[in-house]
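K.L.:
The structure under discussion is supplied below as structure tokens; questions concerning it will follow.
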Amino acid sequence: MENLSASLGWVDLLVMGVYVIGIIWWGLKKGKSKSSEDYFLAGKSMTWPIIGISLFAANVSSSSLLSWSGDAYSSGIAVFNYGWAAVIPLLFFLVFILPVYLKKNVFTMPEWLGKRFDNRSRYYLATMNMIGYVFLDIAQALYAGSLVVRLIFPELEIWQIVWILAIVVAAYTIPGGLSSVIHTEVLQAIILLLGSTLVTIFALNEAGGWAEVVKQTDPDMLKLIRPMDDESVPWLGLVLGIPLLGFYYWCTNQSIVQRTLSAKSINEGRKGAILASFLNFPILFIMVLPGVFGLIIYPEIERPDLILPHLIFGLLPIGIKGLMVTALLAAMASTLSAVLNSASTVFSYDFMPLFKSNMSNKMMVRSGKISALVMIVIASLWAPAIGEFDSIVKYFQSVLSYMAPPIVAVFLFGMFWKRVNGTAAFSGLMAGLLGSIFLVFFKDDTILANWHFLLVAPVIFVLSSSTIIAVTLASAFKVNPETDAWMWNTSYLVEDDLQGVVWYKNYRIISVILLVFTLFFVYIWR
């Protein structure tokens, strides 16, 4: 595994080369940048199949692929709880949240906070987004991608690969905007699904078939529901923690929500979210279980995250091997392009007005392109350092996961409780932030010392929620006629004219079917 380039044939390299050239050409061909709505929201012209596949592709990164199979190798399939549990926040999103976003023509999540409350909350979220995008999301996507490429070309330095990957993705993302991102993600998702399926087939065959896997694997490793002392996903964390993080990711994360904001109608956005929910389920079979198969094939790997490269380079034939490496690069590219476009959207809509008001469409697009270029340069400079300062990145990830509950609390109260004001919202964010920072550094000195982070997240949520409620009740209620427009109300359900709509086009019926399917799925793998 130290020099994997020798195991690649010219066909593999040809497949990879065709992918790089093809994805740049396709992205530039599908780009839109005539107006800010074209550039940042793809002209609000996306249909549900494209939205659903794009959501799936944005959710699956190269680092996710490595960690999912690695977690399965070391502790079993419990990591997939993050996959199936996404159904709950996605259904909540398409019923209650998405109609408000689309009806009010929202471009960014901080923008909604600013309209519903005030600029304090808006700039808090925008700042957190920008820091996370540049130094964590974009940088980590580049670093993970560079690790994959270096397995093939060990003579290259990490920083060299980082810059190559950055240039390739920026070549179509910056000129073409969200339309380029979404259309390339559809192709990347197809490559990813095909490549992952082939790895699963070859790995399962090498392991001796499913009956042999069940025979040789600890039964607990093939269970989703784990005991309270489980280090991966304790059952109470599954009930309380994962829904919170899922709501943050699927309902308030700019890089995810922006895809549904590009929908040509509320119905298209809803159907796209439903499709994304269904696409989460194959992840168990083609991205998680191969790690379990790998435990039988390569039982003594020191670093579990390397099980997927072992399977790719050890089992796949020439040509298909190149396809799977391309799939890993596609996963990196889709995540990177998604976050890069979202970061430029947040900068242009939430920060640029501070410097220049009443910007024209042309100026907005230009600011988006320039900011994207600056951010990918900064992230490229930072990315190589991730390998040397791994503990800092882990701390940073902890801070971000701890910061999600306050944001969830503010969005939920803001969307459903009219009396909550700007001061209460900002106080909730600050209380959650201070509580999170305290726990990151001093958690081991509190009663939460041995608590799983999925159990700590609800504690922070309660802290933020309690602060919001207390400040709201202590404040005099001031009627603001514009508040209702930025909240969900029952009129959205009345507006849904579903009379006579065939069942498979009725999002409510499909949502119920999806929920029943999810419960049945979890029951089987419990």
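The values are calculated or read from the model by the stated rules, or taken from the named source; none is laboratory data. In this text the structure is predicted, and so the values were computed from the model without any measurement. Using ideal geometry, Cβ is built from the backbone for each residue, glycine included, and neighbour counts are taken over all protein chains shown.
K.L.:
Just give me the residues in the range 214-241 being over 27 Å from the mean Cα position of the chain (by Cα) and either of a type in the set (K, R) or closer than 15 Å to I286 by Cβ (or both), in sequence order.
P.N.:
Across the range 214-241, the qualifying residue is only K215.
K.L.:
Of the residues L315, L311, L295, L279, only one is among the aliphatic types (A, V, I, L, M), in contact with a Phe, Trp or Tyr (Cβ under 8 Å, 6 or more places away or on another chain) and closer than 22 Å to V339 by Cα; which?
P.N.:
Answer to the check: L279.
K.L.:
Related question: When you go through (1) without any contact (Cβ under 8 Å) to a residue 40 or more places away in the chain; (2) within 25 Å of the chain's Cα centre (by Cα); (3) under 29 Å from R116 (Cβ atoms) one by one for L498, which number turns out not to apply?
P.N.:
It fails just one condition, (2).
K.L.:
Filter the range 333-363 down to the residues that are in a helix (DSSP H, G or I) and of a type in the set (S, T, Y) and list them by number.
P.N.:
Residues satisfying the conditions are S334, T335, S337, S342, S344, T345, S348, Y349.
K.L.:
Inspect all residues belonging to the range 58-77 and state whether any of them is under 22 Å from A343 (Cα atoms), outside any helix (DSSP H, G or I) and not polar (S, T, N, Q).
P.N.:
Yes: the range 58-77 contains one or more residues that are under 22 Å from A343 (Cα atoms), outside any helix (DSSP H, G or I) and not polar (S, T, N, Q).
K.L.:
May I pose another question? Looking only at the range 208-222, count how many residues are among the acidic types (D, E) and assigned to a loop (DSSP other than H, G, I, E, B).
P.N.:
Matching residues across the range 208-222 total 1.
K.L.:
Would you be able to tell me the number of residues in the range 330-370 that are crowded, with 24+ Cβ neighbours inside 10 Å and farther than 17 Å from G114 by Cα?
P.N.:
So the answer is 16.
K.L.:
In addition: For the range 436-453, does any single residue satisfy the condition of being crowded, with 17+ Cβ neighbours inside 10 Å and within 24 Å of W488 (Cβ to Cβ)?
P.N.:
no
K.L.:
Of the residues I190, I161, I182, I131, only one is part of a helix (DSSP H, G or I) and at pLDDT 90 or above; which?
P.N.:
I161
K.L.:
Do the conditions hold for Y172, that is, is it among the aromatic types (F, W, Y), surrounded by 23 or more Cβ atoms within 10 Å (Cβ to Cβ) and assigned to a helix (DSSP H, G or I)?
P.N.:
yes
K.L.:
Considering only the range 206-223, I want to know if a residue exists there that is at pLDDT below 90 and buried (at least 16 other Cβ atoms within 10 Å of the Cβ).
P.N.:
no
K.L.:
Of all residues in the range 147-158, count the ones that are at pLDDT 85 or above and under 17 Å from D305 (Cβ atoms).
P.N.:
Counting residues in the range 147-158 that are at pLDDT 85 or above and under 17 Å from D305 (Cβ atoms) gives 1.
K.L.:
OK, next. State all residues of the range 280-332 that are closer than 26 Å to L224 by Cβ and either free of Cβ contacts under 8 Å to residues at least 12 places away in the same chain or part of a loop (DSSP other than H, G, I, E, B) (or both); if no residue qualifies, say none.
P.N.:
Selection gives N280, F281, Y298, P299, I301, R303.
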